[in-house]
1. With Cβ to Cβ distances under 13 Å as the rule, what net charge do the other residues near Phe63 carry (K, R +1; D, E -1)?
2. Once you have the Cα-Cα distance between Asn92 and Thr48, take 0.36 nm times their residue separation minus that, and quote the gain in nm to one decimal.
Amino acid sequence: MIRIQEQNTCFSALHNPTCMAKIRLLLLFSAALLLLTVSSCKPMCPITSCQVRMEHLHGEQEFRGQPIYKKQNPKIGEKLPKQTGEVRKRNNDKSQRKN
């Protein structure tokens, strides 16, 4: 006779106390991670014409200017083009103190 043994996984043997503890710990960790991500982010700015890219205020509430999926820090501007070459001298500048 061939005996077919049942696989001993946590999802097939829910009566096992160690498996139940693992599942509870996994659910608790998932809920804590979800709560942390939802509560830590500020809402997106509701004004569509507002072009501010940093965190800013409208009235008493603080909003973020970029979507969550954009990782660029707007204060540094990693994806902004770098200035290359020499700085051109402006000949048509009519200021009092020009160098």
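Read the figures in this text as sums done on the coordinates, not as results from a lab. In this text the structure is predicted, and so the values were computed from the model without any measurement. Here Cβ is always computed from backbone atoms with ideal geometry, including for glycine, and neighbour counts include all displayed protein chains.
1. Combined, the nearby Lys, Arg, Asp and Glu give 0.
2. Taking Asn92 through Thr48 to full extension adds about 12.1 nm, to one decimal.
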